[in-house]
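Asker: Below: one structure in structure tokens.
The values are calculated or read from the model by the stated rules, or taken from the named source; none is laboratory data. Just so it is clear, the model here is predicted, and its values are computed rather than measured. Counting neighbours? That spans all protein chains shown, and the Cβs are built from the backbone with ideal geometry, glycine included.
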Amino acid sequence: MADKIALNLARFRDYFHTAHGQERLSTVLRREVLAWRAHLAADPEPDDNSGGGLGLAPATVNAHLASLSGFCTWVIAHDPAALPHGNPCAKVADLPLPPLEPRALSAAQVRSLKNLLDRLPRFHQHKGRRRTIAGDIHGHSRPLRDRAIVYLLLSIGLRREELVRLDLTQLSATTPAGLRAAKQVRVTGVRGKGGTQRNVFVSADARTALADYPQDERSTDAVPAATALFLSAASIGSRRPDGRMSPRSINTICEQIGRWHDAEHTDTARHLSPLRPHDLRHTFAFNLAQQTGADAYELQRRLGHASQRYIDRYTNPPEHIAAGYVEEL
């Protein structure tokens, strides 16, 4: 937090110096703070020598204003003479926040995505002259792992950091046979933001995908210290000693699957790219809200959110889904 505040204040200092040629705090007035707010929100202009604005989101702009306001309040409390014209942030309002809308996939997009996931090994095969054996895949490729990851994100709405922190022992059934036979599989102790923990349940599709992965791929990459549910390929020289994947690798997997998906569909309404892990979380959350009648307690319990504002995000349909409602009237 302190680093973010320092960064926000440094941006204001640099902006003020560029505008006025000096950095004297006593010359900062409300008009400069208003101009600073506009500069943060304005879109960049590459052809302009000044560089235009920073194009920051309203929430980020408000965070910069809060840092500056807090600093000015501290200065006035310790040395009122340093700001002889009073707090320049007084009566500078925050920018209004846009309504939060889930980036949920439509039912048609989910259907075609699942279709591709069930054919994923074919996309990892060697092609052309390099393909020497039918079904041979690239050395670092783990299509069953990637399939299980996307199904799990769709099934329980984890954040990417929560996903890579999962251990195999957190599943209530850990063997392929147990996962296939179980009517209900729970993931316990999911560690979320703020030290929170929650339990979630795995869908039938995700149970099947999870059963295929440890049986055919995970054992290849496992080492004695490997406790993570999902492991990087052992052939990757830069992987962690325990094999645990990085959050960024989850983005890479989703983005590649999104590109493969879109290449198969000429209908742009089905396109997913760029497919992000959070899109899958939002899809789960929106569908859960539909199934539970927007039960706020259940959404908080399964998603690990405490803020009602974010819970409201999942009960409001995305624009493309809301448009479909109108078509049916």
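Asker: Would you mind stating whether Val190 is touching a Lys or Arg at 6+ places or on another chain (Cβ under 7 Å), within 19 Å of Ala222 (Cα to Cα) and not basic (Lys, Arg)?
Answerer: When the stated conditions are applied, Val190 does not pass them.
Asker: Would you check if there is a residue in region 20-36 being among the hydroxyl-bearing types (Ser, Thr, Tyr), outside any helix (DSSP H, G or I) and farther than 18 Å from Leu97 by Cβ?
Answerer: No, that holds for no residue.
Asker: Filter region 139-158 down to residues that are part of a helix (DSSP H, G or I) and of a type outside the set (A, V, I, L, M), then give me how many there are.
Answerer: Here the count works out to 6.
Asker: Within region 244-291, take every residue that is small (Gly, Ala, Ser) and touching a helix residue (DSSP H, G or I) at 6+ places or on another chain (Cβ under 6 Å) and give me the one that is modelled with the highest pLDDT.
Answerer: The extreme case among them is Ser273.
Asker: For residues in region 260-272 being in a helix (DSSP H, G or I) and without any contact (Cβ under 8 Å) to a residue 12 or more places away in the chain, which is nearest to Lys114 (Cα to Cα)?
Answerer: Restricting to residues being in a helix (DSSP H, G or I) and without any contact (Cβ under 8 Å) to a residue 12 or more places away in the chain, the top hit is Asp262.
Asker: Let me ask something additional. Among the residues in region 236-259, are any among the aliphatic types (A, V, I, L, M), in contact (Cβ under 8 Å) with a residue 24 or more places away in the chain and within 17 Å of Asp167 (Cβ to Cβ)?
Answerer: So far as region 236-259 goes, yes, one or more of its residues are among the aliphatic types (A, V, I, L, M), in contact (Cβ under 8 Å) with a residue 24 or more places away in the chain and within 17 Å of Asp167 (Cβ to Cβ).
Asker: Quick one: is Thr220 among the polar types (S, T, N, Q) and modelled with pLDDT under 90?
Answerer: For Thr220, the condition - among the polar types (S, T, N, Q) and modelled with pLDDT under 90 - is met.
Asker: Look at Gln197 and say whether it is surrounded by fewer than 17 Cβ atoms within 10 Å (Cβ to Cβ) and within 21 Å of the chain's Cα centre (by Cα).
Answerer: So Gln197 fits the description; yes.
Asker: Still on this structure, please answer the following. Counting only residues that are modelled with pLDDT of 75 or more and touching a strand residue (DSSP E or B) at 6+ places or on another chain (Cβ under 6 Å), which one in region 95-148 is nearest to Asp262 (Cα to Cα)?
Answerer: Ranking the qualifying residues of region 95-148, first place goes to His124.
Asker: While we're looking at this one, here's another question. Given the structure, is Arg207 out of contact with any strand residue (DSSP E or B) (no Cβ under 8 Å at 6 or more places or on another chain), of a type in the set (D, E, K, R), within 27 Å of Leu288 (Cβ to Cβ) and in the same structural domain as Arg145 (by TED's automatic domain parsing)?
Answerer: No; evaluated as a whole, the condition is false for this residue.
Conditions tested, residue by residue: (1) more than 20 Å from the chain's Cα centre (by Cα); (2) among the hydrophobic types (A, V, I, L, M, F, W, C).
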residue: Ala226; (1), (2): yes, yes
residue: Ala233; (1), (2): yes, yes
residue: Arg239; (1), (2): yes, no
residue: Arg244; (1), (2): no, no
residue: Cys254; (1), (2): no, yes
residue: Ile257; (1), (2): no, yes
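Asker: Among all residue pairs at least 6 apart or on different chains, which show Cβ distances below 7 Å where the first residue, located in region 65-77, is closer than 15 Å to Arg30 by Cα and the second is exposed (fewer than 14 other Cβ atoms within 10 Å of the Cβ) and aromatic (Phe, Trp, Tyr)?
Answerer: Every condition considered, no pair remains.
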